[in-house]
């Protein structure tokens, strides 16, 4: 049965390609959505770009036919702009006038075209609740239709014969074909368990032809050593030259940012593989001008980048205490051009060759913003995205439709990419307890 999907403004702002996400159904755009989009068209953020993009697409359909009557979509559905609306209950005045008007259009369709069920689609939780109170079916917009529990973890556990465990330690691995058709992804990390001797395991990584053994790095990586299996996988991924794009997902205190920066310092300063370490994070919202803060650009960035400074100072102190190098401060590296810290606000249009780049708090990026960042990567650059899908600050993103989880799923079959999920907190027993209980 075909449906009448009524789109809220935030759906179009979230995904400018959303009109093609509803198969052969009718996509209804209330005229008030068009008016609200007009308020964003001059904005220089991602919302503004999406507003301009979707306006241009709707205009192409206008050229092909009458939008009020409906114009065919490439998917076989119909898009139309709806002007009619029903009267809302007298006391139904909570929220912005545009919200009420959009709900009134959905209510009108629900009543006048009862043979075609109306479905109100919005990223606004409260607006979905209000729609439901009016008797209108309401849904969130999730194009991938994925649960966070289904997110690719980057690792797996397999029961294997003891002979394969022995070959991992003696020969450094074995042929991939010996795993008898197990579903594996490029650069997936494995915990191989001996089915004949309980407790005997080996850590490994999937390559195109082989299962290669994974060992802990010899010595500390800038004063940091892996404290658990997932951190061992993460350091292996971060230090490998053949993996150009890494994603690290984990709750607070699991060591995402610390491990990434430690690997970056090792690769830049000790290995000489990259020109510099670039650390960036979204200044929420991405694209927001920093001019309202006093001081120079560096002074404006300090409140946002302080966690990065703290991690770098901790690592340089830890590395110096191990006797490898003398102590350096974050300011020393900054003045030498070895480390660069900047917001993602100004990344559009740049080209970044031979750089070890870390994008922290990537869960606050939209899928399109992640694409914008990745398309800046030049030759011989390695890029790492870190974040926690449970800590979303963006109004219209959630744990499954943010750019980080989108990236994990889209790149899990790519040989140039790898992913590790960190589950155990190592910051402190109290921090781990708080992350689990609160």
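The values are calculated or read from the model by the stated rules, or taken from the named source; none is laboratory data. Note that the structure is predicted; figures quoted are calculated from it, not measured. As a convention, Cβ positions derive from the backbone with ideal geometry for all residues, glycine included, and neighbour counts pool all protein chains shown.
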So, in segment 206-222, of the ones that are in contact with a strand residue (DSSP E or B) (Cβ under 6 Å, 6 or more places away or on another chain) and touching a residue at least 40 places away in the same chain (Cβ under 8 Å), which residue ends up surrounded by the most Cβ atoms within 10 Å (Cβ to Cβ)?
211
Scanning segment 144-177 for residues that are in a helix (DSSP H, G or I) and in contact (Cβ under 8 Å) with a residue 24 or more places away in the chain, the one farthest from the chain's Cα centre (by Cα) turns out to be 162
Tell me, please, whether a residue that is over 25 Å from residue 354 (Cα atoms) and without any contact (Cβ under 8 Å) to a residue 12 or more places away in the chain can be found in segment 182-192.
yes
Can you pull out the residues in segment 223-252 that are touching a helix residue (DSSP H, G or I) at 6+ places or on another chain (Cβ under 6 Å), farther than 22 Å from residue 380 by Cα and either outside the structural domain of residue 360 (by TED's automatic domain parsing) or crowded, with 22+ Cβ neighbours inside 10 Å (or both)?
224, 250
When residues of segment 357-370 are limited to those that are modelled with pLDDT under 90 and more than 17 Å from residue 342 (Cα to Cα), the one surrounded by the fewest Cβ atoms within 10 Å (Cβ to Cβ):
368
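Here's the yes/no breakdown for (1) over 18 Å from residue 60 (Cβ atoms); (2) in the same structural domain as residue 102 (by TED's automatic domain parsing); (3) part of a helix (DSSP H, G or I):
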{"site": "10", "(1), (2), (3)": "yes, yes, yes"}
{"site": "16", "(1), (2), (3)": "no, yes, no"}
{"site": "27", "(1), (2), (3)": "no, yes, no"}
{"site": "34", "(1), (2), (3)": "no, yes, yes"}
{"site": "37", "(1), (2), (3)": "no, yes, yes"}
{"site": "40", "(1), (2), (3)": "yes, yes, no"}
{"site": "44", "(1), (2), (3)": "yes, yes, no"}
{"site": "47", "(1), (2), (3)": "yes, yes, yes"}
Exactly one condition in (1) touching a helix residue (DSSP H, G or I) at 6+ places or on another chain (Cβ under 7 Å); (2) over 12 Å from residue 5 (Cα atoms); (3) at pLDDT below 90 is false for residue 91; which is it?
(1)
Pick from segment 112-143 the residues that are closer than 23 Å to residue 410 by Cβ and part of a loop (DSSP other than H, G, I, E, B): which of them is modelled with the lowest pLDDT?
143
Checking residue 193 against (1) more than 27 Å from the chain's Cα centre (by Cα); (2) assigned to a helix (DSSP H, G or I), which single condition isn't satisfied?
(2)
